[in-house]
Amino acid sequence: MAIIKLHDKHFKKYISKDQISEAITKIVKQVAKDCKNETPIFIGILNGSFMFVADFVRKYKYNCEVSFVKLASYQGTNSTGKIKQLIGMNEDLEGRTVVILEDIIDTGNTLQEIYDIFRDKKLKQLKIATLFFKPDVFKKELPIDYIGLSIPDEFIVGYGLDYDGLGRNLANIYQLTESPKVKNILLFGPPGVGKGTQADILKETYGLVHISTGDVFRSHIKRETKLGMLAKSYIDKGNLVPDDVTIKMLKQVVKKLPPSNGIIFDGFPRTKAQAIALDAFLEERGETIGGMITIEVPTRTLIARLLERGKTSGRSDDQDENKILNRFNEYYTKTAILKDYYEIQNKYFGVNGVGEINEITKRISDVFEKL
């Protein structure tokens, strides 16, 4: 996901794993140029540097040794500036070239401790390599030999870096950000479940905007747009419209919406790919999905309801039971996977859709209140 939550804080994706790999490759080439004719000892500063050291050593093609030391320097999101102790340095370093592999250098307090610790080790030379460097807050007049990426003074997690113990295992780097606005709800259910009716009630109650994928498709089809004609060719066969077509239509609609308390997405996303695209699109707007609410009704009840509706609706996909069954198959095989996608995020809510309209509305409203 583009925005993650660790403990009480939210973080947005900032530096990709590919960018990290490129930065490490750059440092490896520079170190190899300086040290390939000897056997340097690379020392990683735990806990943060373990991923950096592992990937660095895998890329380094010459003889080397590897060791780790432990320095306690962070608490929460602020550097304490205090180094408690050095643990784990047992090698004889006299006459050796030592390259310290740091995950991040900011104020330079840790770096000062490193220079002080190694000053009396009778090294041949001491070099410093850091994956990330914050020049805006660096306060020491100390040399840094190799820098992967210079970044602003923002708290980051991922790739070995943590927030109170969490986040070290993330492949990308994430930057501290404001909590996203929970403004949007996904309203789901198989064909004929009554999503449109419930959406109309809920949008008035909560001051939301209702976007129905079906309405968007029908508007494009009526206007005979290029996207509309393409969508019609799939709808007439009872198939789902391809992701790229659906996403283009929805983005056009969302960008033109007036200010509101949020959006009820009815019938979108339909696939995991669409869900990922929607998350990315909403992130650009500083928003997120609050929850996926699914109205649940037995299939046979819905088939009978759709056939009855087809007598007056004029919709070809409501008048043929084979097409209806195909729509249900499409829904359960392709869309139901979204339950897992949102359940992992604790955003999935199933609601009993059998009963009077006002009863169903009450059940959905109970979920809204929790959100």
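Remarks
- Residues in region 231-267 that are of a type in the set (A, V, I, L, M), farther than 22 Å from ASP320 by Cα, in a helix (DSSP H, G or I) and open to solvent by 10 Å² or more (accessible area, probe 1.4 Å): ILE247, VAL253.
- Residues satisfying the stated conditions in region 332-356, i.e. touching a residue at least 12 places away in the same chain (Cβ under 8 Å) and farther than 19 Å from ILE185 by Cα: TYR332, LYS334, VAL354
Residues are listed down the side, and each one gets a yes or a no for (1) farther than 26 Å from TYR332 by Cα; (2) hydrophobic (A, V, I, L, M, F, W, C); (3) modelled with pLDDT under 85:
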residue	(1), (2), (3)
MET229	no, yes, no
VAL254	yes, yes, no
PRO269	no, no, no
GLN274	no, no, no
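- Residues located in region 152-211, provided they are polar (S, T, N, Q), open to solvent by 30 Å² or more (accessible area, probe 1.4 Å), within 21 Å of TYR341 (Cα to Cα) and touching a residue at least 60 places away in the same chain (Cβ under 8 Å): SER179
- Yes/no for VAL28 being modelled with pLDDT of 95 or more, in a helix (DSSP H, G or I), open to solvent by less than 50 Å² (accessible area, probe 1.4 Å) and of a type outside the set (Lys, Arg): yes
- Test: residue in region 294-315 that is under 15 Å from the mean Cα position of the chain (by Cα) and hydrophobic (A, V, I, L, M, F, W, C): no
- Within region 190-217, if we keep just the residues that are closer than 28 Å to GLU284 by Cβ and in a loop (DSSP other than H, G, I, E, B), the residue that is modelled with the highest pLDDT turns out to be LEU208.
- In this structure, GLY228 qualifies as touching a His at 6+ places or on another chain (Cβ under 7 Å), surrounded by 16 or more Cβ atoms within 10 Å (Cβ to Cβ) and farther than 23 Å from ASP279 by Cα.
- Extreme residue, least open to solvent (accessible area, probe 1.4 Å), among residues of region 115-151 that are modelled with pLDDT under 95 and closer than 30 Å to PHE11 by Cα: LYS140
The values are calculated or read from the model by the stated rules, or taken from the named source; none is laboratory data. Model, not experiment: these values are computed from the prediction. For neighbour counting, all protein chains shown are included, and Cβ atoms are generated from backbone atoms with ideal geometry for every residue, glycine included. To get the accessible areas, we keep the full protein, side chains included, count just its heavy atoms, and leave off ligands, DNA and RNA. Shrake-Rupley method; radii C 1.70, N 1.55, O 1.52, S 1.80 Å.
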